[in-house]
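Trainee: Here's a structure for you.
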Amino acid sequence: MKTIQSVAPEAKTFCDIFSGTGTVANQALKYYDKVIINDLLYSNQIIYQAFFAEGEFDNNKLENIIESFNIAETNNSNWFSENYGDKYFAMPVAKKIGYIREQIDLLKDELTEKEYSILLASLIYSIDRLANTVGHFEAYIKKSIEKTELTMTLISAQSYANSEIYRTDANQLARQIHSDIVYIDPPYNSRQYSRFYHVYETLIKWDKPELFGVARKPAPENMSDYCSSKAVDAFRDLIEHLNAKYIVVSYNNTYNSRSKSSQNKITLGQIQHILESKGETHILTQKYNAFNAGKTDLANHMEYLFVTKIH
Ligand SMILES: C[S@@+](CC[C@H](N)C(=O)[O-])C[C@H]1O[C@@H](n2cnc3c(N)ncnc32)[C@H](O)[C@@H]1O
């Protein structure tokens, strides 16, 4: 964030157009007059609304609600436990998650929009470390599940008058907004986030879809062009349509990775070429510790930050 501020000191507005976990947006909210936060995922949108949206909420009221969830007896099965119990979560945990999800909707009329989002985001944060996975919902670990108790805790939410939240395809949003700085950190490999995090997407939408296969996934939704052979065209189109003074692109060079699904869909050269057509472009580099299970040769692994000042 400091780097971005030093190259664009006069900027007043910031857009994090592929916000992911929201860590960049979280910092930007402290510095800029307006911060646009966007991601395709339903679960991310709820998390941004909970942590960042402007809105009224009463922490005591929410603590009491969560306490009532925590002490409730939840032996009955429900949609969530029937589909994910003893798979992604231990059965008692899955029963509790399904129960809490139903209760949050039953309480909706008594909650502000902000409070509703805070409860849902608190549920996701509370169950994340209980999932019987290696971090995403591609497959569950086929051994007995140790984590069998869920205690929900309240996230610590803020209300920011300078936040603006979207759940829109980045290329569509580019056509609708103006921002002094647009920060771009798209997916660079073929791993679709909506497929990896399908359980959270389903938990938030709560539309109880038909699920398929061993991984219990719903029909595909929100598939990103950036994870396909259309990635370069999508990136070019995005840059072309942005209405900004500065474009900052974050890029991790996993191109030499041996696993096909983690190879980059856009090369460094392609990014540079596309950005140079829009304005004067500088590249900043930093050594980067990629997640690496020992299968990949990432000796020269770098994180790049492209900064383009628009003509
Ligand atoms: C590499 S992550 C962003 C990481 C983020 N900078 C952070 O600090 O967590 C890419 C994000 O882009 C989202 N995404 C993928 N395709 C998208 C699209 N076409 N429009 C908007 N968001 C998209 C994914 O859901 C994912 O959360």
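Trainee: Towards the positive end of the charge dipole of the chain, with charges on Cβ (+1 Lys, Arg; -1 Asp, Glu), say which of Phe57, Tyr84, Phe306 has the farthest Cα.
Mentor: Phe306
Trainee: Continuing with the same structure: Figure the gain on full extension for Asp109 and Ser68 (residue separation times 0.36 nm, minus the Cα-Cα span) and round it to one decimal in nm.
Mentor: Full-extension gain reported as 13.0 nm.
Trainee: Helix-only mean residue ellipticity at 222 nm, the chain, DSSP H runs n ≥ 4 weighted -39,500 (n - 2.57), per residue, nearest 500. What is it?
Mentor: One gets -10000 deg cm²/dmol as the mean residue ellipticity at 222 nm.
Trainee: Now a separate question. For the chain, find the longest principal axis of its Cα atoms and tell me its angle to the long axis of helix 231-241, 0 to 90°, nearest 10.
Mentor: 70
Trainee: So which lysines pass the test for Lys265, namely a Cα distance under 18 Å, with those fewer than 8 places away in the same chain ruled out?
Mentor: Partners found: Lys230.
Trainee: What do you get for the angle between helix 91-106 and the principal long axis of the chain? Use alpha-carbon atoms, 0 to 90 degrees, nearest ten.
Mentor: Between the helix axis and the principal axis of the chain, the angle is about 80 degrees.
Trainee: What list of ³J(HN,Hα) values in whole Hz, one per residue of the stretch 7-18 in order, does the Karplus curve 6.51 cos²θ - 1.76 cosθ + 1.60 (θ = phi - 60°) give from phi, with Gly and Pro shown as x?
Mentor: 3J(HN,Hα) across the stretch 7-18, in whole Hz: 7, 9, x, 8, 5, 10, 10, 9, 10, 9, 7, 10.
Trainee: What aspartates and glutamates does Lys2 reach when the alpha-carbon gap must be under 14 Å and sequence neighbours fewer than 8 apart in one chain are set aside?
Mentor: Glu10
Trainee: On average over all directions, what projected area in square nanometres does the stretch 1-158 have, based on the convex hull of its Cα atoms?
Mentor: Projected area, direction-averaged: 10.8 nm².
Trainee: Name the residues whose placed amide hydrogens come within less than 5 Å of the amide hydrogen of Asn189, ignoring near sequence neighbours (fewer than 5 apart) on the same chain.
Mentor: Lys265
Trainee: A follow-up question, please. Taking the Cα atoms only, what angle lies between the long axis of helix 59-71 and the longest principal axis of the chain, rounded to 10 degrees?
Mentor: 50
Trainee: Order these peptides, 28-37, 179-188, by their mean beta-carbon neighbour count within 10 angstrom, highest first.
Mentor: The peptides rank, most packed first, as 179-188, 28-37.
Trainee: So how far apart, in nm, are the two label points at Ala215 and Val7 if each is 7 Å from Cα heading toward Cβ?
Mentor: So the two model labels end up 3.4 nm from each other.
Trainee: Could you please state, rounded to a whole Å, how far the C-alpha centre of the stretch 217-249 is from the C-alpha centre of the stretch 178-197?
Mentor: That distance is 7 Å.
Trainee: Express in % the proportion of alpha carbon pairs of the chain at distances exceeding 26 Å. Present the calculation step by step, with values, prior to reporting the outcome.
Mentor: On the way: 24906 of 48205 pairs.
Of the Cα pairs, 52 percent sit more than 26 Å apart.
Trainee: Right, next: Regarding the stretch 79-187, what whole-number volume in Å³ per residue does the convex hull of its Cα atoms give? Spell out each step's value before the answer.
Mentor: Working: hull volume 17.3 nm³, N = 109.
About 159 Å³ per residue, rounded to a whole number.
Trainee: Please list 3J(HN,Hα) in residue order for the stretch 46-53, calculated via the Karplus relation 6.51 cos²θ - 1.76 cosθ + 1.60 where θ = phi - 60°; whole Hz, with x for glycine and proline.
Mentor: Values per residue, Gly and Pro as x: 5, 5, 5, 4, 5, 7, 10, 5 Hz.
Trainee: Residues with beta-carbon under 15 Å from that of Tyr116, excluding Tyr116: net charge, scoring Lys, Arg +1 and Asp, Glu -1?
Mentor: My count for the surroundings of Tyr116 gives -4.
Read-outs throughout are calculated quantities, based only on the coordinates presented, and are distinct from any laboratory measurement. Small disclaimer: the values here were computed from a predicted structure and weren't measured. Neighbour counts are summed over all protein chains in view; Cβ atoms, including those assigned to glycine, are modelled from backbone coordinates with ideal geometry.
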